[in-house]
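Values quoted throughout were computed directly from the atomic coordinates according to the rules given, and no laboratory measurement underlies them. For clarity, every value in this text was computed on a predicted model and none was experimentally measured. Cβ atoms come from the backbone with ideal geometry, glycine included; neighbour counts cover every protein chain shown.
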Amino acid sequence: MPEKVLVIGSGPIVIGQAAEFDYSGTQGCLALKEEGHEVVLVNNNPATIMTDNEIADTVYCEPLTVTSIEAIIKKETPDAVLAGLGGQTALNLAVEMDKHDLFEKYNLTLLGTSIQSIQQGEDRELFRELMDELNQPVPESQVIASVEEALQFTDTFGYPVISRPAYTLGGRGGGITDNEEDLKELIHNGLKASPIGQVIIEKSIAGFKEVEYEIMRDVNGTCISVCNMENFDPVGVHTGDSIVVAPSQTLTDQEYQMLRTAAFNIVSALDVVGGCNVQFALDPYSKDYYVIEVNPRVSRSSALASKATGYPIAKMATKLALGFQLDELKNPLTGTTYASFEPALDYVVVKFPRWPFDKFTGADRKLGTKMKATGEVMAIDRTLEGAFQKAVSSMDQSIPFIPEDELYVHLKQPTDLRYFAIVQLLQQGESVEAIHKETAIDLFFLNIVNNLVKMEEKLESALLDKKLLQIAKVQGFTDNKIAELQQKTPAQIKKIRSEYGIKPGYKMVDTCAAEFEAATNYVYTTYAGINEIEPLPSNKKALIIGSGPIRIGQGVEFDYSAVKAIQSLRNLGWTTVMINNNPETVSTDYTTADRLYFDPINKEVIESIVEHEDIDLIFTQFGGQTAINIADELDEAGLPLAGVPIDTIAQLEDREQFYDVLNRLEIPHIPGSMCHTMEEALEAASSYEYPLLCRPSYVIGGMGMVKVENEKELKSALEHTDARHYPIVLDQFMTGSEAEIDLVADGHDVFIPEIMEHIEPAGVHSGDSMAIFPSTNLSSEVKETMKKYARQLVQKVNYHGLMNIQFLLSGDTVYVLEVNPRASRTVPIISKVSDVSLVELAVKVLVKDPDFSLGNEKQPLIQKAAVKYPLFSSHAMPELDHKLGANMLSTGEGMCLGNTVEEAMAKVFEHLPNPYEDEDVCLIEAASIVKGKSSTLSFSHWIQTKEAKVYMNDGNSKDDSYKRIQALKSGVTVFTEPTTFNAYIDSLAYDPYQPTPLPGNTKKECV
Amino acid sequence: MQGFLTLQEGQSYQGEASSDWQKPVEGEVVFFTGMTGYQEVLTDPSYKGQIVVFTYPLIGNYGINEDDFESEEPQVNGVVMLQCAATVSHYQATISLKDYLNKWNVPFLTDVDTREITKSIRSEGTCQGALAKESVLPSDKVLTGQIYQAYNPNTTCYGEGKKHIVVIDFGYKSSIVEQLVEKEAKVTVIPFTNLSDVYKLNPDGIVLSNGPGDPKDATKYLTELKEILEAYPSLGICFGHQIIALAFGADTKKLSFGHRGANHPVKDVQSGRIFITSQNHNYVVDEESLNDTVLEVSFSNVNDGSVEGLLHPSKPILSAQFHPEANPGPEDALWLIDEFLTDIPSKKGEKVYA
């Protein structure tokens, strides 16, 4: 067996590759360590738990490219590589490493599925050949390398057709079309998106049922199917953008087994060792089926299947990759049965995707073969009605209202709003048959939705007797919703409920439908059946509120904080209870906390859990804005919140109160006003000079935040603002540079590891800016001022816990821009680079640990330099101009570490070519003067060349925007800020191949 | 209308009764953990006289069709579910599950916390239960001799294949015959009470079918069966497997709660390969009792180590406790039927045409 294993992570979060690989990677690393291996991890996503020093032995935040990996291999001399847990990124990298003979050259074993099998699964042509050999039907398709070949295909087989570029993630660059004009563009872009210049063109089988299986296979050839899943949305919508139920609901046993057997045959022929996902399209009117796709690795679906069943796929896949057999491994949930069995569910699971269209209001909402969701939620219940309602509640989004005339538009061409359009149509009395005809969604599912609509009608008119209330609760209606329909208050409903003795029960996820005794801590709320979960025995019990689905502005970094909080609390002797609903995360791994409630995050659910478990403290600081937003309601209900009182949070979050605090402390802030109506805003605006920054309240990642140049723009911005985001704040827009601090406070002392400095000037959302940590360009006076302001603020409001403060530096003045009274996006970065867990310190403060004094905490000595950079999912939304501004656009972040800032910066830009070596790679069309060398071609010529790689354009005109979008569509890297571009050009002089591990790994501590 | 399932020890579970039940219906209460396959389960003669509790909460989603019956009518005495679908949309469905059960007057109870019943059976073992309007204890009367109710007294023939197989019927699932026919066998199903017919038919091989209840109900036929087994290549399935064990002098015993469902891992003792099987049995072959027989264990259960298959060292006799014919459940063990048929020498192939 190998001793030192190099694990490849999936890198920063982008659409199509999100937190699920933190979950699988973390499980994998722990499984390797459990078997006594030393783990070296490469992953440039700093926001993850897997890059924490307690998971792997050595962690590198380095570029995920062949040259960079080779440098690490030279330094670390591992025995083996594990690439099956890092998504498409890691799998592609393994294939590239093989092409460069790294496995042979360094005598490395690739654990798990072989390169040859990976290629057979991923390369469309090889895959098709194999399917033919196995007699497995695949849709009419052809691998093509030119637009002409695509046209020949449609001449023969007709439209509609699907384009799927080879070796891409989340269907990048793919699409579906029914006409020649769109086809040409689709194929052109697809060929560019594919790293091997191949696209598979495929006859569409839209309308078939989409079913997938999660298969495990060991080295001895034993196969099991962990879970199957059926999409609510028929074939035509990417599975990542589909509502999914588990297990399949509308398949007969014959159909279920037919597809399961087909999956086994495929996985066996591919000689997969580990996990594999197989997707099918099943004709709703016959036993005909097609194999759509095979992913010979753990995936988003396998994370979902793990959470849906309790079966830890990634952990088992890792052990299988090490050569263990399924019947040698125990099923960790029962502890008595073995891993070689198939989970039986006695509940149903529903997954809803979470899309970014609330932030990307200008994006194309149509769903197709290219994934657009940033995250997802999962719900468990004993009825499908209940699970659907829980899923919708978990989305943390208000239910959209769709204008009458648009309802059918969402049905004909699926969008993120289709489910809600269906609900609205059913409410208006449309028949399920009519909707089925339009959408091909199975009547079984439509009837479930219709049951909910009918129940809603009943609740509006009928007397709320015990039976009706019981059924409503079983169907997942919240007290709030029932109250609204019955025209009562939620408190009244709660009272009626308790009079009737209708209480939530908690049931266990045990993989075996209660057949065997299991001692799991994985539970869910239900009203269908009695409670079977006894409260945990403990005298100190903490509830940690999670952050829900991944979305722009609220990513995996909040899961990091929640998980770290759990670990810290456990170390202090607390019993921990987690509530979250995101199936992709480490926090919803049932082994993370002492008990996991997989449920929607709302007051009713939390209140019941607190009552049931007798929780001593609720932690809302570690679950991002989602958790903070609910603090008010929890406080009102008299629940025990850890940390600062609600009115203190309001003092920091409510602009009016916040500016008042700053004024009293004589801390400079940007001139601005709070406006409760559009009229107020327009009046206030007249007293300032444009440009102004217009920002709504209680939002994530600067949602709806815009810079407006004149009254007309302001008016148009306000017209798009949701009523619940009033009051809005109008700030004077100021130029300058930005910096931020993450601190831990105990009301008196503050602990600030260092200051983070932004590359881009003010006006660019902090989540979208590149940043240096620790800062190198700030004077000690400025730094001291920032720290002084931080201390003053903390002491003024008697703040306890984690706080993030953003500053604007203009001339000699330090302005405080905003305060986030919670764990911020940058907490994991600062904790990892400075080797001090800020979350742990905050937890010690919040639980008033008697052995801890924040004032005694030593200032860390930071010896490395880190550069944090944003990642944009432009592949999923190429129609959007990604020009940086006040509204956050990035979906994830990366980090590179170096001995110097320059070295770290060189790593950030390592994947980009050098225009000084070949000027054709870069085109600069900047209004400002920037460094670098530009091609002399015109944009329209340049973008056609295959050298085109980097485009710099910071212009504000429509034409500039159009060109940037064109460049993104062609897969070119686009810069929109001179400072970022200059940083790239400057970095070219430095060597990016000096692997620098994160400080504080366990191995080092032992030395 | 409220209704109850009451178990022997007095545990009572309330639900919604399918109709105005006039008198209690009794049966052995068993749970099935598969997530699909209710139609096959309800019509499988091995469930004769039992009250089946489905652990999966949504039953009836795809209705009842004409293709997936394991016998001509429901075999169970009663059904307990959380939800039972009243409408259907599957293209094959001809009737909803609810209507089907009502049509055959099979009482069923819905809105029941089936997980709680399962836990009770898991900890206290399989027991008698009663479905009734009120909570009434079941009588002590334990049903015996179910095979006599489940078998077909008539001889029937299927298929046109080269190899001729006689299925000895203890209450066979039609999938067994269908699998044999599909693999090009000519099948004659004879009742286990007419064993002498075997010699008249002089087939190429014998399949001992599944069936309900205690294999010792067939004790008086064992001597005759052993002679047949020694004379013809034989495959025993489930009950038939237990019969083979008994015929060769081994013993069977009752499990605390049976294996039922579609996810039971079985290990091929020789190759070490695991496959997931469909199972439905209360009784197992006592492994120790095999010591005094010629039989060898060929398959074993991964979870509890129980005997899952037997092999005769010198004669072409093999058996499986699980259901290689699947329906419901995984098709992973279909190869066993293939292997059985392939290994039968087709020396008598000509006779079929004669």
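Table for the structure above
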read-out: Calculated P(r) of region A:671-733 - Cα pairs past 20 Å, %; value: 11 percent
read-out: Listed pairs A:LYS351/A:LYS454; B:LYS48/B:LYS173; B:LYS163/B:LYS183 exceeding 20 Å between Cα atoms; value: A:LYS351/A:LYS454
read-out: Length-normalised contact order for chain A - Cα pairs under 8 Å, 6+ apart - percent; value: 11 percent
read-out: Region A:671-733: relative contact order in percent, alpha carbon pairs under 8 Å with at least 6 residues between; value: 50 percent
read-out: Around B:LEU310: net Lys/Arg minus Asp/Glu count, Cβ-Cβ under 11 Å; value: -3
read-out: Residue-span extension gain [A:ALA145 to A:GLU180] - 0.36 nm each, minus C-alpha spacing; value: 10.9 nm
read-out: Long-range amide H partners of B:HIS259 with built H, under 5 Å; value: B:HIS281
read-out: At R0 = 30 Å, FRET efficiency that the Cβ-Cβ distance of A:GLN152 and A:ALA440 yields, to 0.05; value: 0.55
read-out: Cut-off under 5 Å, modelled amide H: who pairs with A:ILE243 long-range; value: A:PHE232, A:ASP233
read-out: Compactness relative to 2.2 N^0.38 Å, alpha carbon Rg of chain A; value: 0.90
read-out: Stretchable slack from A:LYS931 to A:GLU711, in nm (0.36 nm times residue separation minus alpha-carbon distance); value: 75.7 nm
read-out: Taking A:ARG825, A:ARG570 and counting other C-beta atoms within 10 Å, the order from fewest to most; value: A:ARG570, A:ARG825
read-out: Inter-label distance for A:HIS100 and A:GLN966, nm, one decimal - labels placed 7 Å from Cα along Cα-to-Cβ; value: 3.4 nm
read-out: log₁₀ of I(q)/I(0) at q = 0.12, 0.17, 0.18 Å⁻¹ - region A:84-187, Debye sum with one point per alpha carbon; value: -0.53, -0.90, -0.96
read-out: Residues of region A:48-83 with amide N under 15 Å of the 7 Å Cα→Cβ point at A:GLU3; value: A:76-80
read-out: Kyte-Doolittle mean at least -0.5, axial Cα span of 18 Å or more - DSSP H helices of chain A; value: A:20-34, A:87-99, A:253-269, A:443-461, A:556-571, A:624-636
read-out: A:ASP959-A:GLU517 pseudo-label distance in nm [points 7 Å out on the Cα-to-Cβ vector]; value: 7.9 nm
read-out: FRET efficiency estimate (nearest 0.05) - Cβ-Cβ, A:VAL219 to A:LYS488, R0 56 angstrom; value: 0.35
read-out: Förster-model FRET efficiency, 35 Å R0, B:ASN152 and B:SER12, C-beta, rounded to 0.05; value: 0.40
read-out: Residue of B:ALA320, B:ALA150, B:ALA93 that the Gaussian network model of chain B assigns the largest fluctuation, springs spanning Cα pairs under 10 Å; value: B:ALA93
read-out: Contact order relative to length of region A:911-987, as percent, for alpha carbon pairs under 8 angstrom and 6 or more apart; value: 30 percent
read-out: Given 15 as the ceiling on other Cβ atoms within 10 Å, longest exposed-site-free region of chain A for chymotrypsin sites (Phe, Trp or Tyr not before Pro) in DSSP loops; value: A:402-687
read-out: Crossing angle, helix B:222-231 versus chain B [Cα axis fit, 0-90 degrees, rounded to tens]; value: 50 degrees
read-out: Label-point gap, in nm, between A:GLN116 and B:GLU160 - each point 7 angstrom along Cα→Cβ; value: 4.4 nm
read-out: Environment charge of A:PRO691, counting only residues whose C-beta is closer than 14 Å and scoring Lys/Arg +1, Asp/Glu -1; value: -2
read-out: Loop-exposed chymotrypsin sites (Phe, Trp or Tyr not before Pro) per DSSP, neighbour cap 16 Cβ within 10 angstrom, longest uninterrupted part of chain B; value: B:105-354
read-out: Gain on full stretching of the segment that runs from A:LYS33 to A:ASP660 - 0.36 nm per residue minus C-alpha separation; value: 220.5 nm
